[in-house]
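Notes for the one structure printed next.
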Amino acid sequence: MTSDHETLWRRCAYLGHVLSPLLDQEPWRKDRRQERLHSWGIDVAVGERLIEVFAALLRLNS
């Protein structure tokens, strides 16, 4: 059985994952974000996942 905290975290992480494409409604945004991640030495897939986690944390704390 999952705890309330685990359930909340999973829902927030899912929300972060779902919201990510909404940020990319203008095609240039995704390209620019991925260029920045690359220039910072962050793997694009890892960086995208980190952004989703940050979005989940923001939602969790609101």
Odd one out for Ser3 among (1) of a type in the set (Gly, Ala, Ser); (2) modelled with pLDDT under 80; (3) surrounded by 11 or more Cβ atoms within 10 Å (Cβ to Cβ): (3)
Of the residues that make up the range 23-42, is at least one part of a loop (DSSP other than H, G, I, E, B), on the phi > 0 side of the Ramachandran plot and either among the polar types (S, T, N, Q) or at pLDDT 85 or above (or both)? yes
Here the qualifying pairs (Cβ atoms under 6 Å; residues six or more apart or on different chains; first in the range 25-41 and touching a residue at least 12 places away in the same chain (Cβ under 8 Å) and surrounded by 12 or more Cβ atoms within 10 Å (Cβ to Cβ); second among the β-branched types (Val, Ile, Thr) and part of a helix (DSSP H, G or I)) come out as Gln34/Val44
Selected residue (criterion: modelled with the lowest pLDDT) from residues of the range 6-22 that are open to solvent by less than 60 Å² (accessible area, probe 1.4 Å) and of a type in the set (Ser, Thr, Tyr): Ser20
Determine whether Ile51 is at negative phi and not in a helix (DSSP H, G or I). no
Every residue from the range 46-62 that is surrounded by 13 or more Cβ atoms within 10 Å (Cβ to Cβ), modelled with pLDDT of 80 or more and over 8 Å from the mean Cα position of the chain (by Cα): Gly47
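The values are calculated or read from the model by the stated rules, or taken from the named source; none is laboratory data. Since the model is a prediction, treat every value here as computed from it, not as a measurement. Ideal geometry is used to build each Cβ from the backbone, glycine not excepted, and the neighbour counts take in all protein chains shown. Please note that ligands, DNA and RNA were not included when accessible areas were found on the heavy atoms of the full protein model with its side chains. Shrake-Rupley method; radii C 1.70, N 1.55, O 1.52, S 1.80 Å.
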